[in-house]
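Trainee: There's a structure below that I have some questions on.
The values are calculated or read from the model by the stated rules, or taken from the named source; none is laboratory data. From a predicted model like this one, the values you see are computed outputs, not experimental measurements. Counting neighbours? That spans all protein chains shown, and the Cβs are built from the backbone with ideal geometry, glycine included.
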Amino acid sequence: MFGGVTEARRILGIDTSCDDTGVGIVELAPDGQVRVLANRVWSQTVHAQYGGVMPELASREHVERIDDILQEALKEAGLALTDLHAVAATSGPGLVGALLVGLMYGKGLAQALGVPFYSAHHLEGHIFAAASEALLQTPYLALVVSGGHTHLFDVPAPGRYDLVGATRDDAAGEAFDKIARLAGLGYPGGPAISEAAQRGDPGSVPFKEPLQGQQGFDFSFSGLKTAALLAHRGGATPENLAASFQQAAVKFLVKTTVRAARALGRRTVVVSGGVAANAALREAFQQTGLNVVFPGKGLNTDNGAMIALAGAAALQAEKAPSPLTVGAEAYAPLANT
């Protein structure tokens, strides 16, 4: 939710940063309420046989699917293209070839409709996904935890992001993928680990807590991966390995974030990204006593609605539209410092 506007505005958002083709539409009302009107995502399955995303295949899938996903989103929202007031698309970070598909599509659409175009940062989109559920009033802490990112930001004021912690190696979601592949549980690893963990004993494999005694708030999953490999070779069942790894990863993520919140004096924490859909992670955060805000249903993984929400925030803040010369960036830090 954002501040007030003089009349309702409908914003289209496009995200093709990796292997999901996402198109969403949100409406920013005069009273500042924001409502998701549509959120359509095509999740590519072609990568499952490789155990990870193949960039060239991802780009081709986006090209083939984006027209259909746009039409599905418009139908879901009950709108025509001419009912849109702005277009937003992810410019980075992500796979450059994949980003270019949505970015160029969004630019062309905005130009054809004669409406403002806003390039959006993928991580900011993940953070704003939580605006579908609650008014995000600064200051707050934001943990973005997904297949490609594990970043902890302090947000002391609107539009300011101070990086206070990040992974030193794999992102959390990437670690979930690798452990799932090791245990033969399939891809993507997040849902596979979560499902298998329900049938396993979380105390069966004694994982050590990573980065014990650190003064900062960084993350690391290399030690957990090594321990999982040794446990697998030692005969741990897939279910026990999943349950034990999930418990260790969740404990580490929550403990580090809570320490940061206390050190910075933050009471509200936004937890977003694909791993934020993990039920064990949500339950653990809800027991911290902090005001924890998660994105609404369907907004945890990469999607277009979160980019539309970022566009709505830019529109509400009366930011100037992005130039149509803006390009795709594989590496695009969000932090101001």
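Trainee: What strands (runs of 3 or more DSSP E) completely inside the range 12-125 contain at least 2 residues that are modelled with pLDDT under 95 and either surrounded by 20 or more Cβ atoms within 10 Å (Cβ to Cβ) or not aliphatic (A, V, I, L, M) (or both)? Spell out how you get there, then give the answer.
Mentor: Values: elements: 20-28, 34-43, 86-92, 117-121.
By residue number, 20-28, 34-43.
Trainee: So, one more: Condition first: in a loop (DSSP other than H, G, I, E, B), surrounded by fewer than 24 Cβ atoms within 10 Å (Cβ to Cβ) and either modelled with pLDDT under 95 or within 9 Å of the chain's Cα centre (by Cα) (or both). Can you find one or more residues in the range 268-290 that meet it?
Mentor: Here is the first cut: in the range 268-290, the residues in a loop (DSSP other than H, G, I, E, B) are 273, 278, 287-290.
Still in the list and also surrounded by fewer than 24 Cβ atoms within 10 Å (Cβ to Cβ): 287-290.
Now restrict to residues that are either modelled with pLDDT under 95 or within 9 Å of the chain's Cα centre (by Cα) (or both): none.
The answer is no; no qualifying residue exists.
Trainee: Right, another one. Taking residue 85 as meeting all but one of (1) in the same structural domain as residue 14 (by TED's automatic domain parsing); (2) within 21 Å of the chain's Cα centre (by Cα), write down the number of the exception.
Mentor: (2)
Trainee: Test each condition in (1) over 21 Å from residue 327 (Cβ atoms); (2) of a type outside the set (S, T, N, Q); (3) in contact with a Ser or Thr (Cβ under 9 Å, 6 or more places away or on another chain) for residue 135 and report the one that comes out false.
Mentor: (3)
Trainee: Further, regarding this structure: What about residue 319, is it of a type outside the set (Ser, Thr, Tyr), in a helix (DSSP H, G or I), on the phi < 0 side of the Ramachandran plot and surrounded by fewer than 24 Cβ atoms within 10 Å (Cβ to Cβ)?
Mentor: Taking the combined requirement at face value, the residue does not satisfy it.
Trainee: Condition test on residue 185, is it assigned by TED's automatic domain parsing to the domain that holds residue 87 and of a type in the set (A, V, I, L, M)?
Mentor: On the way: assigned by TED's automatic domain parsing to the domain that holds residue 87: no; of a type in the set (A, V, I, L, M): yes.
When the stated conditions are applied, residue 185 does not pass them.
Trainee: Sticking with this one: For residue 317, all conditions in the list (1) hydrophobic (A, V, I, L, M, F, W, C); (2) modelled with pLDDT of 95 or more; (3) over 21 Å from the mean Cα position of the chain (by Cα) hold save one; what is the number of the exception?
Mentor: Result: residue 317 fails condition (2) only.
Trainee: Now a separate question. How many residues, within the range 1-11, are closer than 17 Å to residue 136 by Cβ and modelled with pLDDT under 95?
Mentor: Residues of the range 1-11 closer than 17 Å to residue 136 by Cβ: 1-5, 11.
Okay, now just the ones that are also modelled with pLDDT under 95, so 1-5.
Looking only at that region, the number is 5.
Trainee: Looking at the range 80-88, is at least one residue within 24 Å of residue 321 (Cβ to Cβ), of a type in the set (Gly, Ala, Ser), out of contact with any strand residue (DSSP E or B) (no Cβ under 7 Å at 6 or more places or on another chain) and in contact (Cβ under 8 Å) with a residue 60 or more places away in the chain? Walk me through it before giving the result.
Mentor: Filtering the range 80-88 down to residues within 24 Å of residue 321 (Cβ to Cβ) leaves 80-88.
With of a type in the set (Gly, Ala, Ser) added as a condition, the list becomes 80, 86, 88.
Narrowing further to those that are out of contact with any strand residue (DSSP E or B) (no Cβ under 7 Å at 6 or more places or on another chain): 80.
Next cut, in contact (Cβ under 8 Å) with a residue 60 or more places away in the chain only: none.
No, the range 80-88 has no match at all.
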